[in-house]
Amino acid sequence: MSIDEIDTPALIVDLGAFDRNIAKMAGYVASAGIGLRAHAKTHKSSAVARRQMAAGAVGQCVQKVGEAEVLAAAGIPDILVSNQVVDPRKLDRLAALARGATIGICFDDLDQVSLASAAATKAGVTLNGFVEIEVGMARCGVAPGRPAAELARRIADAPGLRFEGLQAYHGRAQHLPTAAEREAAIHGAIGAVRDTQEALGTLGLEARTVSGAGTGTFRVEAESGVYTELQAGSYAFMDLDYAAIAGADGRPYDEFEHSLFVLSGVISVSGRDWFVVDAGLKSYSGEKGPPRVHRADGWTFLGMSDEHGKIGLSAGSARPKLGDKVALIPGHCDPTINLHDWYVGVRNGRVEEIWPIDARGASR
């Protein structure tokens, strides 16, 4: 069918832009001699994960055990839960996945080591342990240097666990407005990694893997000489939050293209200088601000409620007709995707593929 026949609201992917984004990141990591462990918390879909793996990704990241279960069932062979898991029932579920895939988990507490060791031992498997170090997120993570190294020693000595490396993700750096600010923040993270590597050496340990980075800073981590894999996720789709930061030349960040849109339909043209579409907060996330109308001069998004989006008309701009389709660029792709069941893949104005968002709602 044509794009005009798609029932709205719908989550659509411009397959041309998506393919170029995937290929650009794959080419970059190959040339940099570093791995890509693309973050599935963004796409929530085994179909997207398979495309990233086919392009050379070394594995996938997830934030929840439920996401890991979906990807493992789809045959993704290497999954890192880039988060702390402490509930014994969740750890049992995670250990069960390690019978058919390589499973990693992040640690920042000694008690968690004991819990994970018990689950892995009971299942007869080995889990890869990553020490998450605090690099500026002020969220999870143990202090770098000696405290992190001592936790790594406990992981290495625990039955059913293998110390694999370090989780050093600085999410706050991803959306700092200038390239110089982002680079300075990541250099702080790089210093924390180096301090920890030195402390590991004094305990006879080595971090085989150092994982981190995101769409806003991936080049800095890749060029550091300490990171071995990148966890970028939004690069495949992009959103307004990333479009708002500046590139190295001070111009808008254009490393990747917008490929993700919420397709809406015009349902009211009764306003003198506005019209209304059928996509509201149940179709896109609003915590990073409203969406932006894609390729429509003189149309400005004015407001949103549960099921409605209000779009303003500037003087002289074209007025849409009832039923016209309007593409919206979401402010934040991750939570927007989690509101939908399917991606509708469109190329040259026609539907080519439909991908299930099979990890939607996998929040446990």
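Kindly give the semi-axes, whole Å and largest first, of the ellipsoid equivalent to region 115-266, taking each as the square root of 5 times a Cα gyration tensor eigenvalue. Each semi-axis is √(5λ); the values are 34, 20, 11 Å. Going from the fewest other Cβ atoms within 10 Å to the most, the residues Cys106, Cys140 appear in the order Cys140, Cys106. Using just its DSSP H runs of length 4 or more, each adding -39500 (n - 2.57), the chain gives a mean residue ellipticity at 222 nm of -9500 deg cm²/dmol after division by all residues. Ordering Ile186, Ile22 from the fewest to the most neighbouring beta carbons within 10 Å gives Ile22, Ile186. Under 5 Å from the amide H of Val142 lie the amide H atoms of Glu132, Ile133, Glu134, each residue being 5 or more positions distant or on a separate chain, with H modelled from the backbone and absent for Pro and chain starts.
With all distinct Cα pairs included, what does the Kirkwood hydrodynamic radius of region 77-129 come out to in Å, to one decimal, could you say?
10.6
For every other residue with a beta carbon closer than 11 angstrom to the beta carbon of His332, add +1 if it is Lys or Arg and -1 if Asp or Glu, then tell me the sum. Please report the intermediate quantities before stating the final value.
Working: positive: Lys288; negative: Asp239, Asp241, Glu287, Asp334.
Taking every Cβ under 11 Å from that of His332, the sum is -3.
Return the equivalent ellipsoid semi-axes of the chain as a descending list in whole Å, where each equals the square root of 5 times an eigenvalue of the C-alpha gyration tensor.
Values: eigenvalues 323, 98, 58 Å².
Working from the Cα gyration tensor, I get semi-axes of 40, 22, 17 Å.
Of Lys41/Lys310; Lys44/Lys288; Lys24/Lys90; Lys24/Lys310, which sit over 27 Å apart, Cα to Cα? Distance filter (> 27 Å) returns Lys41/Lys310; Lys24/Lys90; Lys24/Lys310.
Could you compute the net charge surrounding Arg347? Neighbours are other residues with a C-beta less than 13 Å from the C-beta of Arg347; K and R count +1, D and E count -1.
Local charge sum for Arg347: -2.
Rounded to whole Å, the principal axis extents of the Cα atoms in region 295-361 read 43, 29, 19, largest first. Taken one residue at a time, the phi angles of region 267-274 give Karplus couplings (6.51, -1.76, 1.60, θ = phi - 60°) of 10, 8, 10, 6, x, 5, 10, 7 Hz. Gly and Pro are set to x. By DSSP, what percent of the beta bridges with both residues in the chain are antiparallel, rounded to the nearest 5? Antiparallel bridges: around 50 percent, rounded to the nearest 5. At the listed q of 0.18 Å⁻¹, the Debye profile of region 198-309, built from one uniform point per Cα, gives log10 I(q)/I(0) equal to -0.98. Could you list, bin by bin from short to long, the percent of Cα-Cα pairs of region 163-217 in 5 Å steps? It works out to 4, 20, 26, 19, 14, 9, 5, 2, 0, in whole percents. Charging the Cβ of each Asp and Glu at -1 and of each Lys and Arg at +1, and nothing else, the dipole of region 15-239 about its Cα centre rounds to 620 debye.
Values quoted throughout were computed directly from the atomic coordinates according to the rules given, and no laboratory measurement underlies them. Note that this is a predicted model, so its numbers are computed, not measured. Reconstructed Cβ throughout: ideal geometry from the backbone, glycine too, with neighbour counts over all protein chains shown.
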